[in-house]
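Shown next, in structure tokens, is the structure this report addresses.
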Amino acid sequence: MKMTLTAKLKLQTGPEQFQALRKTQLAYRDALNAVSQYAFAHGKISNQRTLQRQMYDEIRLLYQLPAQMACNVPRQVGATYKTLWTKVKQNAKMRKQGRTKKRYKGLDTAPKYVSPTLTYNYQRDYSLKSDQHPHSLIGLENLTDIREHSKRTRGKHASKKQRRANQHASRWAFAELHSILAYKAASAGSLTVKVDAHFTSQACPTCGYTSKANRPAQGLLFVCQSCHYMLHADLVGARNIALRTLLIRQAWMSTGQLSVAPDVSDGEAKAARLQKYAELRWSPDTSPLSFDMG
Ligand SMILES: [Zn+2]
């Protein structure tokens, strides 16, 4: 699995080196603004290749930028225009539907780059290779197609629009949390996997009985209607996720193949997976650490 880690390095420079870097920064910014002006004057071009073709020589000659940096300029400007175009189109749609009267003005003038920041390419990108198995495997609920409750207006009082907004917001929050965890885990030599979230709050971790009725009045207490196991519903969810994570680990150890996210689109595979989950058992004297990996 390939993962990009971002490292922030402070350059220790002497006064002359600092001046030289500063000069490059300003030249880079000027080049961005020149390309932005060009793009604007030619129909607000967002195509990075077109910008590259039309402006590369000028960037190299006029702003004295090295090749790799000269390539970054049209790329960055193109990306800026692309974002702005998306906003213009979204705004046009909203106005057509009568949802807003405001006209988006982001592309009325050529975007101007003020801050003199640039990406230095020092010789090459560095890649760190590790063939080792991760220290620990962290299971996260795959909530892609499951709506999670949030503390916003919901239930019967929420409007259709509000519900849609809630769904959107909670998905974003989870996606963000997942990506942060995945990143942090990787830098600590661990790995995150997404596990199927279906019925994690309804399945009994000790006997496998799965039913909505296991959550009386949809409350915070889990009461298994079959074996009468009782526990806070969040802990039940966590145990089910831990069990499913161990299942993934087991499959990984025996097949050498790791599935980082379940395929939710395949109905048959899903049914088989749920059947497997129903066979998982959490016993009070079995902690995940001593779980037999087989
Ligand atoms: Zn039970």
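A few remarks follow.
- Contact map, region 62-84: first residue more than 21 Å from Arg22 (Cα to Cα), second residue part of a helix (DSSP H, G or I), Cβ cut-off under 7 Å, separation 6 or more or different chains; pairs are Arg75/Gln48; Gly78/Gln48; Gly78/Leu51; Tyr81/Ala39.
- Test: residue in region 11-29 that is touching an Asp or Glu at 6+ places or on another chain (Cβ under 9 Å), open to solvent by less than 40 Å² (accessible area, probe 1.4 Å) and assigned to a helix (DSSP H, G or I): no
Yes/no per residue for (1) at pLDDT 95 or above; (2) out of contact with any helix residue (DSSP H, G or I) (no Cβ under 7 Å at 6 or more places or on another chain):
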site	(1), (2)
Lys8	no, yes
Pro15	no, yes
Lys23	no, yes
Ala31	yes, no
Tyr63	no, no
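- In region 224-246, the residue that is nearest to the ligand (Cβ to nearest atom) out of those that are surrounded by fewer than 17 Cβ atoms within 10 Å (Cβ to Cβ) and either outside the structural domain of Leu280 (by TED's automatic domain parsing) or assigned to a strand (DSSP E or B) (or both) is Met230.
- Test: residue in region 65-81 that is surrounded by 13 or more Cβ atoms within 10 Å (Cβ to Cβ) and not in a helix (DSSP H, G or I): yes
- Count - residues of region 185-221 that are touching a residue at least 12 places away in the same chain (Cβ under 8 Å), within 16 Å of the ligand (Cβ to nearest atom), within 21 Å of Tyr277 (Cβ to Cβ) and not in a loop (DSSP other than H, G, I, E, B): 4
- Residue match in region 252-265 (condition: within 16 Å of the ligand (Cβ to nearest atom), within 21 Å of Gly139 (Cβ to Cβ) and surrounded by 12 or more Cβ atoms within 10 Å (Cβ to Cβ)): no
- Within region 90-108, the set of residues being surrounded by 10 or more Cβ atoms within 10 Å (Cβ to Cβ) and among the polar types (S, T, N, Q) comprises Gln90, Asn91, Thr100.
- Annotation note: Cβ proximity below 8 Å between a residue of region 235-248 that is touching a residue at least 24 places away in the same chain (Cβ under 8 Å) and a residue that is assigned to a helix (DSSP H, G or I) (sequence gap 6+ or interchain) occurs for Asn240/Tyr277; Ala242/Pro288; Leu243/Tyr277; Arg244/Tyr277; Leu246/Pro288; Leu247/Lys276; Leu247/Tyr277.
The values are calculated or read from the model by the stated rules, or taken from the named source; none is laboratory data. These figures come from a predicted structure and were not determined experimentally. All Cβ positions, even for glycine, are placed from backbone atoms using ideal geometry, and neighbour counts span all protein chains on display. The area values use the complete protein model at the heavy-atom level, side chains included, leaving out ligands, DNA and RNA. Shrake-Rupley method; radii C 1.70, N 1.55, O 1.52, S 1.80 Å.
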